[in-house]
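S.K.: The structure's right below; bear with me while I get my questions together.
The values are calculated or read from the model by the stated rules, or taken from the named source; none is laboratory data. Since the model is a prediction, treat every value here as computed from it, not as a measurement. Backbone-built Cβ (ideal geometry, glycine too); neighbour counts: all protein chains shown. Note: areas computed on protein heavy atoms with side chains; ligands, DNA, RNA excluded. Shrake-Rupley method; radii C 1.70, N 1.55, O 1.52, S 1.80 Å.
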Amino acid sequence: MRDRIWQFVATLTALSSLATATAGLGQERSNLYVCEGCEAIYEHSLDDLSWHTTIPPEGEPGEPLVLSGRVFQPDSRTPAAGVIIYAYHTNAEGVYPTRGDERDWGRRHGYLRGWVETDAEGRYQFTTIRPASYPSRNAPAHIHLVVKEPGRQEYWIDQVVFEGDPWVDAGYRADHDGRGGSGIIRLTKDESGTWRGQRDIVLEP
């Protein structure tokens, strides 16, 4: 009898753990479209975008970085074609550089920004430079990403940050719930000295 009781308790514990682990999966976020600055995605023609682009102008200081990945539907398996991704980030000194002629959100986001549209396989790629963290804030180096699916309003997803950054600690991880999947990626440097990282995106339901 005691064995049966313990077996029953173990079953309840397992079910409770499973419920906790899967809580929130496939659920809509009430704040999904609350997004300051996401309208910057429209500050560039969205017609005839490629699945890859180069962000920095020639001669921009910094270590070269290629950020690539695939975008999937909420089932995490089906490639999502025709998704527009807007990316912007700081320069090698940790600031959003401007030339002085920027307008609208370009005055805050700077000129290190770019737009792509995923191909039939959901692929995208940004060739840029590795950003630095803000000089006066305790925050990791990062790349902001905004996505716009066909027929849906744009929304932000977890920014891209890099494993090994001292600010990507347990506290940082606890504060992020994986909008669009995890934005924490590992960088590797190839023979040419270019940093490469993969950030796959799972679209929000």
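S.K.: Have a look at Ser17, Ser30, Ser45 and point out the one that is at pLDDT 95 or above, among the polar types (S, T, N, Q) and either open to solvent by less than 80 Å² (accessible area, probe 1.4 Å) or over 26 Å from Trp115 (Cα atoms) (or both). Walk me through it before giving the result.
M.R.: Working: Ser17 fails: at pLDDT 95 or above; Ser30 fails: at pLDDT 95 or above.
Unique residue meeting the criteria: Ser45.
S.K.: I would also like to ask the following. I want to confirm something. Restricting to region 127-141 and keeping residues that are touching a Phe, Trp or Tyr at 6+ places or on another chain (Cβ under 8 Å) and crowded, with 17+ Cβ neighbours inside 10 Å, which single residue is farthest from Gly37 (Cα to Cα)? Write out each step before concluding.
M.R.: So in region 127-141, the residues touching a Phe, Trp or Tyr at 6+ places or on another chain (Cβ under 8 Å) come out as 130, 133, 138-141.
Add one more test, that the residue is crowded, with 17+ Cβ neighbours inside 10 Å, and what stays is 130, 133, 140-141.
Working: Arg130: 22, Ser133: 20, Pro140: 20, Ala141: 19 Å.
Here the answer is Arg130.
S.K.: Would you confirm whether any residue within region 100-108 is in contact with a strand residue (DSSP E or B) (Cβ under 6 Å, 6 or more places away or on another chain), open to solvent by 40 Å² or more (accessible area, probe 1.4 Å), modelled with pLDDT of 95 or more and not aliphatic (A, V, I, L, M)?
M.R.: no
S.K.: Out of region 179-204, which residues are assigned to a loop (DSSP other than H, G, I, E, B) and either modelled with pLDDT under 95 or more than 30 Å from Gly151 (Cα to Cα) (or both)?
M.R.: We begin by selecting, within region 179-204, every residue assigned to a loop (DSSP other than H, G, I, E, B); these are 179-183, 186-187, 190-194, 199-200, 203-204.
Of everything in region 179-204, those that are assigned to a loop (DSSP other than H, G, I, E, B) and either modelled with pLDDT under 95 or more than 30 Å from Gly151 (Cα to Cα) (or both) turn out to be Arg186, Leu187, Asp190, Glu191, Ser192, Gly193, Thr194.
S.K.: How many of the residues in region 176-189 are among the acidic types (Asp, Glu) and open to solvent by less than 50 Å² (accessible area, probe 1.4 Å)? Give the steps one after another, and end with the answer.
M.R.: Taking region 176-189 and keeping what is among the acidic types (Asp, Glu), we get 177.
Right, trim to open to solvent by less than 50 Å² (accessible area, probe 1.4 Å) and you get none.
Qualifying residue count, region 176-189: 0.
S.K.: Right, here's the next one. Given Tyr88, Tyr124, Tyr155, which one is among the hydroxyl-bearing types (Ser, Thr, Tyr) and open to solvent by 20 Å² or more (accessible area, probe 1.4 Å)? Outline the logic, then answer.
M.R.: Numbers: Tyr124 fails: open to solvent by 20 Å² or more (accessible area, probe 1.4 Å); Tyr155 fails: open to solvent by 20 Å² or more (accessible area, probe 1.4 Å).
Selected residue: Tyr88, the only one of Tyr88, Tyr124, Tyr155 that is among the hydroxyl-bearing types (Ser, Thr, Tyr) and open to solvent by 20 Å² or more (accessible area, probe 1.4 Å).
S.K.: Could I ask something else about it? How many residues, within region 51-80, are open to solvent by 50 Å² or more (accessible area, probe 1.4 Å) and of a type in the set (Gly, Ala, Ser)?
M.R.: Looking only at that region, the number is 2.
S.K.: Just need a number here: residues in region 62-99 that are within 19 Å of Gly181 (Cβ to Cβ) and out of contact with any strand residue (DSSP E or B) (no Cβ under 8 Å at 6 or more places or on another chain).
M.R.: 3
S.K.: Of the residues that sit in region 49-102 and are β-branched (Val, Ile, Thr) and assigned to a loop (DSSP other than H, G, I, E, B), which one is nearest to Asp165 (Cα to Cα)? Walk me through it before giving the result.
M.R.: In the first step, residues of region 49-102 are kept if they are β-branched (Val, Ile, Thr); the result is 53-55, 66, 71, 78, 83-85, 90, 95, 98.
After this cut, where a residue has to be assigned to a loop (DSSP other than H, G, I, E, B) as well, the list is 55, 78, 83, 90, 95, 98.
Values: Ile55: 23, Thr78: 32, Val83: 29, Thr90: 15, Val95: 17, Thr98: 26 Å.
Per the stated criteria, the residue is Thr90.
S.K.: Does Arg173 fit the bill of being more than 18 Å from Thr118 (Cα to Cα), surrounded by fewer than 14 Cβ atoms within 10 Å (Cβ to Cβ), within 16 Å of the chain's Cα centre (by Cα) and free of Cβ contacts under 8 Å to residues at least 24 places away in the same chain? Quick ask: steps written out before the conclusion?
M.R.: On the way: more than 18 Å from Thr118 (Cα to Cα): yes; surrounded by fewer than 14 Cβ atoms within 10 Å (Cβ to Cβ): yes; within 16 Å of the chain's Cα centre (by Cα): yes; free of Cβ contacts under 8 Å to residues at least 24 places away in the same chain: yes.
Yes, satisfied.
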